[in-house]
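Asker: The structure under discussion is supplied below as structure tokens; questions concerning it will follow.
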Amino acid sequence: MARPSGEREQLTLFRALPIEDMAPRDAQDLMAYPFFSLAKSRRVVPIRFDAGAVSLTVEGVPEHGIATIWDADVLIWAASQIVQARDEGRPTSRLVAATPYEILRFAQRGTGRTEYLALRASLDRLQSTTVQTSIRQAGRRMHRFSWINEWREHVRPDGRSDGIELILPDWFYSGVIDNALVLTLDRTYFQLTGGIERWLYRLVRKHGGRQRHGWRFELRYLHAKSGCLQRYRDFVLHLRALAQRQALPGYRLVVERIGTAEWLTFRRDACDELSTETWDEAVDGVGTDSGDRRRRAREIDGARLGRSPAPNLLEAAPRNDSGPS
């Protein structure tokens, strides 16, 4: 009796390209919203975020917990592979084959047994974490998926790994293959050790790209947008420390008080030459309006999350809109 064909049998295998000189790329949706745990300890409390037309819920299982921002390095590697192959005119696929060594090297990690076991744990968390979101869905429809549909490892007779295969979800793959939804990261991103550091860099990179006068966020809104479980006052102290150290590559950070609220402002470092693969929208609405990326973005619902982000640091005063404009 013939075995029913599964998803794997329906996909063409894409073998990973050499990583030398491959620029790290990230999906803008993943940079803009709280899809990952920022803690190194296991998190099982769901992440929930609602603002305007954007809704998302991220859940994990007790055994593995929610995928972390360090686990997301695997997705950055996958996005980089897909974009590189596409730009070279090579066929791509959601079914990707590579070696653990290649992924670890790309993420600037060691290649010993400890790092290898950590990578396996990352793959387990990515596979067992589920996301439900309205992003890039028409109207308020929801799309539910895991970061990895499935993965498997090939093992040599001596017990050593002979490579892995993983299947990426269509939601992630379609966002990456669309050039307008991918940005290049600074290579030193992988050297950032803190969860909030990594999250903030990705958020700042997404919003601060080509904005001449920078960008800013109200701190209470940032706290909600991070999805972290840290108390607000501890979160603010953390941001102040990052601004004091100027910890993010390519950007200058300032925490300042405007009116009755505190804001984080950031702008591109004048010496930074990081290339941008695509135009940046200085908005939260990328991909939320049925793929209409050219529409002027709507600001986040200020009544729910506090003040809306203001795109221009030269504004006389922060806006406090009650809904999309």
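Asker: For Ser55, enumerate residues with amide H under 5 Å from its amide H, sequence gap 5+ or separate chain, H modeled in the peptide plane.
Answerer: Close amide H contacts, sequence-distant or interchain: Ser134, Ile135.
Asker: Also, quick follow-up: Indicate the gyration tensor shape class of region 11-83 (rounded, prolate or oblate), computed on the Cα atoms with a ≥ b ≥ c the square roots of the eigenvalues: a/c under 1.5 is rounded; otherwise a/b larger than b/c is prolate and the rest oblate. Mind showing how you got there, number by number?
Answerer: Working: a/c = 2.22, a/b = 1.63, b/c = 1.36.
It comes out prolate by the Cα gyration axes.
Asker: Among the trypsin sites (Lys or Arg not before Pro) within region 165-260, which fall in a DSSP loop and have no more than 13 other Cβ atoms within 10 Å of their own Cβ? Mind showing how you got there, number by number?
Answerer: Details: sites: Arg187, Arg198, Arg202, Arg205, Lys206, Arg210, Arg212, Arg216, Arg220, Lys225, Arg231, Arg233, Arg240, Arg245, Arg252, Arg257; in loops: Arg210, Arg212, Arg231.
Answer in residue order: Arg210, Arg212, Arg231.
Asker: Next up: Measuring from the lowest to the highest alpha carbon on each principal axis, how far does region 1-149 reach, largest first, in angstroms?
Answerer: Cα extents, longest axis first: 41, 40, 37 Å.
Asker: Which of rounded, prolate or oblate describes region 128-212 when judged by the alpha-carbon gyration tensor and an a/c cut-off of 1.5? The partial results should precede the final answer.
Answerer: Numbers: a/c = 2.29, a/b = 1.31, b/c = 1.74.
Cα axes put region 128-212 in the oblate bin.
Asker: Restricting things to alpha carbons, tell me how big region 120-279 is in terms of Rg and Dmax, in Å.
Answerer: Taking only Cα atoms of region 120-279, I get Rg and Dmax of 19.0, 67 Å.
Asker: Hey, another quick one. Magnitude of the Cβ-charge dipole of region 148-234, K/R +1 and D/E -1, about the Cα centre, nearest 20 debye? Present the calculation step by step, with values, prior to reporting the outcome.
Answerer: Details: 15 positive and 11 negative charges, 152 e Å.
Once rounded to the nearest 20, the dipole reads 740 debye.
Asker: Tell me, what % of the accessible area of region 131-177 is carbon and sulfur with a 1.4 angstrom probe?
Answerer: On the way: 990 of 2270 Å².
Of all accessible area on region 131-177, carbon and sulfur atoms account for 44 percent.
Asker: Give, in nm to one decimal, the length gained when the segment between Arg42 and Gln230 is fully stretched (0.36 nm per residue of separation minus the Cα-Cα distance). It would help to have the intermediate numbers written out before the result.
Answerer: Working: separation 188, 0.36 × 188 = 67.68 nm, distance 1.41 nm.
Using 0.36 nm per residue and subtracting the Cα-Cα distance, I get 66.3 nm.
Asker: If you don't mind, there's one more thing I want to ask. Loop only by DSSP, 13 or fewer other Cβ within 10 Å of the Cβ. Give me the GluC sites (Glu not before Pro) in region 87-140 that pass, ordered by residue number. Intermediate values should be presented prior to the final figure.
Answerer: Numbers: sites: Glu88, Glu102, Glu115; in loops: Glu88.
Those satisfying the criteria are Glu88.
Asker: May I pose another question? Apply the Karplus curve 6.51 cos²θ - 1.76 cosθ + 1.60, θ = phi - 60°, to the phi angles in region 230-246 and return the couplings in whole Hz, x for Gly and Pro.
Answerer: Running phi through 6.51 cos²θ - 1.76 cosθ + 1.60 with θ = phi - 60° gives 5, 4, 4, 5, 6, 4, 5, 4, 5, 5, 4, 5, 5, 5, 5, 7, 6 Hz.
The values are calculated or read from the model by the stated rules, or taken from the named source; none is laboratory data. Remember, predicted model here, so these are calculated numbers, not experimental data. Counting neighbours? That spans all protein chains shown, and the Cβs are built from the backbone with ideal geometry, glycine included. What goes into the accessible areas is simple: the full protein's heavy atoms, side chains included, and nothing from ligands, DNA or RNA. Shrake-Rupley method; radii C 1.70, N 1.55, O 1.52, S 1.80 Å.
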